[in-house]
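Only one structure is covered here, and it is reproduced in the block below.
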Amino acid sequence: MSTIPATPSPATIPPVTGSPAPAGDGRRRRFTDRFTGGTNSRWFPYLLVLPLALILFGYVVQPMFATFAESVGVDAVANYTSFFTNSGVARSSLVTSLIISAASVLLCGIVGVAMAFLLKRFSFPGRRLIEAIILVPAALPPLIGAISFQLLYSETGILPRGLQQIFGTAEPVLPFSGIAGVLVVHTFTMYPFFYLSAAAALAGMDPSVEEAAYNLGAGRVRVWRTVLLPMLTPALVSASLLVFMTSLASYTAPLLFGVDQTMTMQIYINRTNGDLPMASTYASVLGVVSVLFLLGMRWYEGRRSYRSQSKGVAAHRREITNPLGRWLALGASLLATVVLLAPVATIALVAFSADGSWTTEVVPAAYTMQNFVTIFSDPNAFQPILNSLQMSLLATIGCIVIGVLIAYAVRRLDFRGRGVLDVAVMLAWALPGTVVAINLISAFSTGNAFSFGQVLIGTFWIMPLAYFVRFLPLVFRSSAATLAQIDPALEEAARNLGASWWRAFGSVTLRLMLPGVIAGGLLAFVHGVGEFVASVLIYTSQTAPISVEINNRMYSFEVGTAAAYGMLQVVLIFVVMVVSGRLETGRRASREAAQWTA
Amino acid sequence: MIDVTLESVSKRFGRAGDTAAVDDVDITIAAGEFFTLLGPSGCGKTTTLRMVAGFYFPSSGRIRFGDQDVTRRPPNKRDTGMVFQNYALFPHMSVAQNVAYGLKIRKVGRAESKRRVEEALAQVHLAGYGERRIDQLSGGQQQRVALARALVIRPRTLLLDEPLSNLDAKLREETRVEIRRIQREAGTTSLYVTHDQAEAMAMSDRIAVMESGRVRQIGAPQEIYHRPATSFVARFIGRSNVLSLPVLGAGPETVTVRLPDDSQVSVAAPTDHGLGTGATALVSIRPEHIGLTSATEPGVVTGRVTELEFTGMSTNLLVDVAGEAVQVAAVDPPAGLSVGDQLGLRLPRERMWVVRP
Ligand SMILES: Nc1ncnc2c1ncn2[C@@H]1O[C@H](COP(=O)(O)OP(=O)(O)O)[C@@H](O)[C@H]1O
Ligand SMILES: [Mg+2]
């Protein structure tokens with residue numbers, strides 16, 4: 001045996017170029033070949049991405065610039081310098097917003113982390129019940145949530161008046177008003193950010209790491225300080241950023257507790273006073289701060305990682321054995337249950353109260369079905385429901401189509417500018433609802449290429465457009481999360497068996513993404529139905545959604561009817577949660593997306 | 001007849017100038033042949049296979065099926081059947097639906113499709129499993145569904161990317177026999193990727209050994225084993241000693257080298273060895289071909305045992321010969337041999353072979 005050439009000679013094969021297009025049904029065949037070949041070409045990602053990029057630019061990015069242009073359009077930078085002058089509303093609003101946000105982070109952090117440790121590390125009676133209902137207050141639409149806390153804890157609220165009656169004092173006991181009221185709402189609705197991330201970090205933590213510390217002689221306090229808390233740090237930092245951002249964007253709580261000097265309230269007040277340039281200035285500042293937070297979060301999430309090394313071992317729970325401790329735990333569990341369910345219970349109770357019947361009593365005095373009868377029989381009262389359903393449905397369809405495609409493009413296609421596309425979607429999420437509304441007002445109060453030359457402000461279409469911009473990230477996140485679970489080899493297998501790109505996408509990838517897409521779509525729909533923050537700035541009398549109607553009824557002291565609308569929304573949310581819960585994989589996706597709702 | 005041709009195929013990922021994942025590869029595969037790409041992880045096997053499947057396009061070079069140039073043809077027009085490393089079965093379809101997927105795309109009639117699916121499932125010993133969900137199957141069964149799905153469309157080329165790597169050792173051996181049987185019955189040209197040299201040797205008609213994106217040698221298992229082209233191939237296929245020995249003279253197919261005991265020996269070499277007097281030749285010899293002896297005669301070098309390991313079938317020794325560690329697999333070592341002993345190693349001339357670096 002002699003040498004073995006490393007490369008056999010290819011001389012035996014006659015060189016042939018060009019693919020052998022089967023002769024026959026000529027033009028059409030060649031056209032479809034070129035078309036399907038198109039999905040395989042280097043340019044295909046760009047063909048798919050270009051319209052998506054245009055949409056994000058047109059409805060998210062470009063309106064931001066329009067707002068900035070609006071803010072400097074009349075007096076150049078004079079509006080901005082008002083943030084630096086010592087006295088003045090602008091400066092104090094900024095400071096108040098920052099203080100409220102910082103305090104919210106602190107309060108939510110304490111409550112959320114304590115809850116996570118108690119529920120994940122200890123075993124006591126009532127634990128499962130609390131785990132089941134712990135997210136209930138946060139699941140309410142922002143307006144309903146804020147109203148329920150007002151009904152519960154403000155000067156005229158159930159708790160202070162109840163305590164007043166019990167103790168026989170002249171004034172309501174422990175009423176929350178102003179900034180304190182805002183902080184109560186924030187704490188109850190935002191601690192889940194801390195709870196969820198701390199609980200996940202605790203669950204993912206390898207117990208042997210902690211055991212190793214004990215084994216090396218560390219006491220319990222030392223283990224917490226030197227092992228547990230440092231390992232929780234990444235989770236806590238992300239949660240802090242999220243709560244800070246969400247508090248900064250919060251609008252309904254300051255509105256209901258009458259804290260006028262916050263950024264969001266100033267946007268609203270200036271807009272309703274007709275000073276759009278000043279409203280735009282506030283919106284620009286708030287927008288820039290939010291974007292900085294978004295970028296900070298992405299940077300931080302990119303570098304953090306304390307992944308647990310071993311897996312499979314569940315973190316151990318300490319059983320509370322001391323009888324006194326058990327009774328205390330039971331009592332605390334009951335109290336927690338009441339506190340967690342109180343907002344929903346209050347809405348349900350008030351929904352059946354006769355309008356005007358609740359004056360100085362602890363709870364409403366007279367009960368009736370009339371509120372619901374009015375809503376469903378009076379066409380004027382029913383119109384807001386129709387409006388909300390219609391506008392939210394339109395927006396949801398848009399969110400699903402565009403959200404799924406962007407998720408696919410960002411996660412599966414390789415093209416330049418992928419990161420930019422990703423950031424652009426999340427930008428829509430990071431921007432407060434008030435800012436989104438001002439952006440759309442600035443961009444579409446005159447005709448614009450993206451509105452096909454039409455003025456959109458004052459029309460029906462601005463509402464679904466605003467919902468689309470606000471809730472696109474929900475569908476994107478849940479689709480992307482589901483997509484991450486699907487092995488790209490599945491689509492390749494379909495391609496290998498002869499499926500065109502469209503067919504492989506439809507019959508395999510999209511089909512498998514469906515639970516996540518549906519979960520995200522339902523979430524977007526529910527949020528659209530409850531949307532208040534942006535709506536209140538752009539609605540017209542014909543397009544008033546449920547939330548605006550609730551707000552108006554509150555102002556005209558028709559609390560019962562307002563709560564009845566709220567109750568209907570709560571029922572819708574409950575139904576949707578049950579449905580999404582049935583979509584096995586959808587559950588994970590929606591949880592992922594829910595973490596991002598603001 | 002030649003079925004698949006890769007002609008100077010290269011693939012670079014990322015920016016131009018980065019090192020190539022696949023570098024100037026020439027391969028021809030005959031119709032019906034079972035051809036294997038063998039090499040360590042990261043050497044470019046998967047990338048090569050995916051270029052044949054059409055999931056990557058080569059940065060340069062051509063790929064031909066028969067006399068058709070398919071270099072830039074999309075994957076769904078190539079008529080290859082691929083078995084993925086993790087099987088890539090569609091989780092939302094039953095076993096039968098998975099297998100029927102390619103037939104549906106080919107618009108095969110319902111009755112015909114049903115018959116062929118049943119036939120394919122029977123072929124992989126899964127008759128009656130058609131209605132099962134994918135997650136109700138064991139790993140080995142999933143592997144066989146993937147094989148059936150690829151075979152049922154009667155592809156012109158079967159592509160397999162480490163299809164056995166997720167199976168346990170016993171199942172791996174059974175399944176490799178099965179794959180080979182089915183492939184022979186169907187007569188489908190197959191391109192198989194593995195990093196397991198034993199698997200490659202047992203299954204293949206021919207093997208291409210790859211290293212760092214390049215093909216180092218192509219040949220039948222025996223050729224590669226007995227006549228490795230490079231020191232990498234010698235060491236990667238089985239175990240091998242590669243000794244650096246001074247060249248005393250060179251012929252067209254032989255090279256004369258000096259052994260550590262100063263004796264001269266003429267060793268077979270490839271025709272393009274390019275070695276001249278004074279150069280250093282790399283000479284490979286397998287541990288099992290080295291004999292132990294106490295006699296001193298030409299061709300016997302002496303060394304000191306530094307490690308000794310009894311494996312049952314043989315005793316593996318590491319012997320220090322003038323500073324070089326030589327592996328020896330002795331079937332019948334002298335009784336009482338222990339670390340530190342001096343002994344003679346017989347290096348048979350006919351078992352030595354000059355390799356390239
Ligand atoms: N999509 C890709 N992008 C960039 N580099 C890749 C890609 N796929 C493979 N590579 C690189 O190409 C080389 C060969 O990879 P691969 O063909 O997967 O090796 P093997 O299958 O032999 O283990 C590796 O260095 C790998 O990092
Ligand atoms: Mg590989």
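Miscellaneous remarks
- Residue within the range B:76-83 that is under 29 Å from A:L514 (Cα atoms), assigned to a helix (DSSP H, G or I) and more than 16 Å from ligand 1 (Cβ to nearest atom) present: yes
- Sole residue being buried (at least 18 other Cβ atoms within 10 Å of the Cβ), modelled with pLDDT under 90, within 14 Å of chain A (Cβ to nearest Cβ) and outside any strand (DSSP E or B), chosen from B:P252, B:P270, B:P228: B:P270
- When B:L171, B:L167, B:L158 are checked against the criterion of being within 14 Å of chain A (Cβ to nearest Cβ) and either surrounded by fewer than 22 Cβ atoms within 10 Å (Cβ to Cβ) or more than 16 Å from ligand 2 (Cβ to nearest atom) (or both), B:L158 stands alone in meeting it.
- Subset tally (residues that are among the aliphatic types (A, V, I, L, M) and either part of a loop (DSSP other than H, G, I, E, B) or over 16 Å from A:V288 (Cβ atoms) (or both)) for the range A:93-102: 4
- Boolean, B:V233 is aliphatic (A, V, I, L, M) and under 30 Å from B:E199 (Cβ atoms): yes
- Checking every residue in the range A:260-275 against the condition of being more than 25 Å from A:A69 (Cβ to Cβ) and either free of Cβ contacts under 8 Å to residues at least 12 places away in the same chain or in the same structural domain as A:K120 (by TED's automatic domain parsing) (or both) gives at least one match.
- Qualifying residue in the range B:75-87 (condition: of a type in the set (A, V, I, L, M, F, W, C), in the same structural domain as B:A220 (by TED's automatic domain parsing) and surrounded by fewer than 19 Cβ atoms within 10 Å (Cβ to Cβ)): no
- Only residues that are more than 16 Å from ligand 1 (Cβ to nearest atom), in contact (Cβ under 8 Å) with a residue 60 or more places away in the chain and in a helix (DSSP H, G or I) were counted in the range B:186-211, giving 1.
- For the range A:115-129, the set of residues classified as closer than 13 Å to A:A332 by Cα and aliphatic (A, V, I, L, M) consists of A:M115, A:L118, A:L119, A:L129, listed by residue number.
- Failed item, numbered, when B:G61 is tested on (1) in a loop (DSSP other than H, G, I, E, B); (2) more than 16 Å from ligand 2 (Cβ to nearest atom): (1)
- Elements of type helices (runs of 4 or more DSSP H) contained in the range A:1-92, each with 3 or more residues being modelled with pLDDT under 50 and more than 10 Å from every other protein chain (Cβ to nearest Cβ): A:26-40
- Checking B:A122 against (1) more than 9 Å from chain A (Cβ to nearest Cβ); (2) surrounded by fewer than 21 Cβ atoms within 10 Å (Cβ to Cβ); (3) in contact with a helix residue (DSSP H, G or I) (Cβ under 6 Å, 6 or more places away or on another chain), the condition it does not meet: (3)
- Test result for A:V576, within 14 Å of chain B (Cβ to nearest Cβ) and without any contact (Cβ under 8 Å) to a residue 60 or more places away in the chain: no
- Within the range B:287-313, being over 19 Å from B:R235 (Cα atoms) and part of a loop (DSSP other than H, G, I, E, B) holds for B:S294, B:A295, B:T296, B:E297, B:P298, B:G299, B:T311, B:G312, B:M313.
- Output for the range A:411-444, where each listed residue is of a type in the set (A, V, I, L, M, F, W, C) and either on the phi > 0 side of the Ramachandran plot or in a loop (DSSP other than H, G, I, E, B) (or both): A:L413, A:F415, A:L431
- Pairs are defined by a Cβ separation below 6 Å, a sequence spacing of at least 6 or placement on different chains, a first member in the range B:158-171 that is within 16 Å of ligand 1 (Cβ to nearest atom), and a second member that is of a type in the set (V, I, T) and not in a strand (DSSP E or B); the pairs so defined are B:D161/B:T46; B:L164/B:T175.
- No other residue among B:D26, B:D67 is away from ligand 1 (no atom under 16 Å from the Cβ), under 22 Å from the mean Cα position of the chain (by Cα) and of a type in the set (D, E) apart from B:D26.
- The conditions of being part of a strand (DSSP E or B), in the same structural domain as B:V177 (by TED's automatic domain parsing), of a type outside the set (F, W, Y) and more than 24 Å from B:M201 (Cβ to Cβ) are met by B:D23.
- As a summary of the residue check, A:A395 satisfies the conditions (1) in contact with a Pro (Cβ under 9 Å, 6 or more places away or on another chain); (2) surrounded by fewer than 17 Cβ atoms within 10 Å (Cβ to Cβ) except for the one numbered (2).
- Residues located in the range A:321-355, provided they are within 30 Å of the chain's Cα centre (by Cα) and β-branched (V, I, T): A:T337, A:V338, A:V339, A:V344, A:T346, A:I347, A:V350
- The set of residues in the range B:77-94 that are closer than 18 Å to B:L167 by Cβ, more than 7 Å from chain A (Cβ to nearest Cβ) and aliphatic (A, V, I, L, M) comprises B:V83, B:L89.
- Annotation: B:R50 fulfils all but one of (1) assigned to a loop (DSSP other than H, G, I, E, B); (2) within 16 Å of ligand 2 (Cβ to nearest atom); (3) more than 20 Å from B:R216 (Cβ to Cβ); the unmet one is (1).
- Restricting the range B:29-64 to residues that are hydroxyl-bearing (S, T, Y) and near ligand 1 (Cβ under 9 Å from one of its atoms), the residue that is farthest from B:A234 (Cα to Cα) is B:Y56.
- Meeting the requirement of 3 or more residues that are away from chain B (no Cβ under 14 Å), the helices (runs of 4 or more DSSP H) wholly within the range A:479-531 are A:511-530.
- Scope the range A:244-283; condition more than 17 Å from A:V533 (Cβ to Cβ) and at pLDDT 90 or above; matching residues: A:F244
- Extreme residue, surrounded by the most Cβ atoms within 10 Å (Cβ to Cβ), among residues of the range B:9-47 that are under 16 Å from B:T157 (Cα atoms) and within 12 Å of ligand 2 (Cβ to nearest atom): B:L37
- If you check A:S310, A:S357, A:S353, A:S305 for being touching a Ser or Thr at 6+ places or on another chain (Cβ under 8 Å), at pLDDT below 85 and of a type in the set (G, A, S), only one passes: A:S310.
- Residues that are of a type in the set (A, V, I, L, M, F, W, C) and touching a Ser or Thr at 6+ places or on another chain (Cβ under 8 Å), drawn from the range A:219-241: A:A235, A:L236, A:A239
- Going through (1) away from ligand 2 (no atom under 16 Å from the Cβ); (2) within 17 Å of the chain's Cα centre (by Cα); (3) away from every other protein chain (no Cβ under 14 Å) one by one, B:A186 falls short only on (2).
- Taking (1) at pLDDT 90 or above; (2) farther than 16 Å from B:N241 by Cα in turn, B:V305 satisfies each apart from (2).
The values are calculated or read from the model by the stated rules, or taken from the named source; none is laboratory data. Predicted model, so just to flag it, every value in this text is computed and none were measured. Virtual Cβ from ideal backbone geometry, glycine too; neighbours counted across all protein chains shown.
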